[in-house]
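Working notes for the structure below.
What follows is calculated from the coordinates using simple rules that are stated; it is not laboratory data. Quick caveat: nothing in here was measured; it's all calculated off a predicted structure. Glycine also receives a Cβ, built like all others from the backbone with ideal geometry; neighbour counts cover every protein chain displayed.
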Amino acid sequence: MSGDFRNHPVAHLISGLFKLHDREKFEIFCYSYGADDGSAYRKKIQKDCDCFADIRTMGHAQAAQKIYEDRIHILVDLTGYTRGIKMEICAMRPAPIQVNYLGFPGTSGAEFFDYIIADKTIIPPEHTRYFTEKVVYMPHSYQVSDHEQAFSDKP
């Protein structure tokens, strides 16, 4: 779930992640509440997930109901406390497991997020007591990167 499935740093980082999931074990749904900029990033994310839902025009309750009806087991919020925040959707607990990740690498302070994905640089172990979420540590870096991303040859 994000408002940044467009030409935005979050999409630049995460756009390669969706196709890497084992489709025998995972079904990937992306819920977008940001503008469709028609960018290659948005198109790649749409292509690489099983279901891409534009919930931009839905109210918070309607969006939460859609996520619930889609039977999402793990909902990952990629925005956190950044521009265009939609935590009201997560506050309704549309999924049994809810994760805070990437956009804002700090605690939400909210009881409706179960986990935050981090590394020991972003959240030193001695700081976990300040987090409402349980910290899931990645071994090297919490940040993903699209290693297939193309760059211009222009100087």
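Evaluate the following for residue 100: is it within 24 Å of residue 142 (Cβ to Cβ), polar (S, T, N, Q), surrounded by fewer than 16 Cβ atoms within 10 Å (Cβ to Cβ) and touching a residue at least 24 places away in the same chain (Cβ under 8 Å)?
no
Tally up the residues in the range 120-151 that are surrounded by 14 or more Cβ atoms within 10 Å (Cβ to Cβ), in a loop (DSSP other than H, G, I, E, B) and among the β-branched types (Val, Ile, Thr), please.
4
From 88, 69, which residue is farther than 27 Å from residue 122 by Cβ and among the charged types (D, E, K, R)?
69
One residue is enough: does the range 63-76 have a residue meeting the conditions within 12 Å of the chain's Cα centre (by Cα), outside any helix (DSSP H, G or I) and surrounded by fewer than 17 Cβ atoms within 10 Å (Cβ to Cβ)?
Yes: one or more hits.
Name, by its number, the condition in (1) surrounded by fewer than 19 Cβ atoms within 10 Å (Cβ to Cβ); (2) touching a residue at least 60 places away in the same chain (Cβ under 8 Å) that does not hold for residue 48.
For residue 48, the failing item is (2).
Out of all the residues in the range 1-41, which are under 19 Å from residue 86 (Cα atoms), part of a helix (DSSP H, G or I) and without any contact (Cβ under 8 Å) to a residue 40 or more places away in the chain?
9, 11 - these are the residues of the range 1-41 that are under 19 Å from residue 86 (Cα atoms), part of a helix (DSSP H, G or I) and without any contact (Cβ under 8 Å) to a residue 40 or more places away in the chain.
Mind checking whether some residue in the range 103-115 is part of a strand (DSSP E or B), touching a strand residue (DSSP E or B) at 6+ places or on another chain (Cβ under 6 Å), surrounded by fewer than 17 Cβ atoms within 10 Å (Cβ to Cβ) and of a type outside the set (Gly, Ala, Ser)?
no
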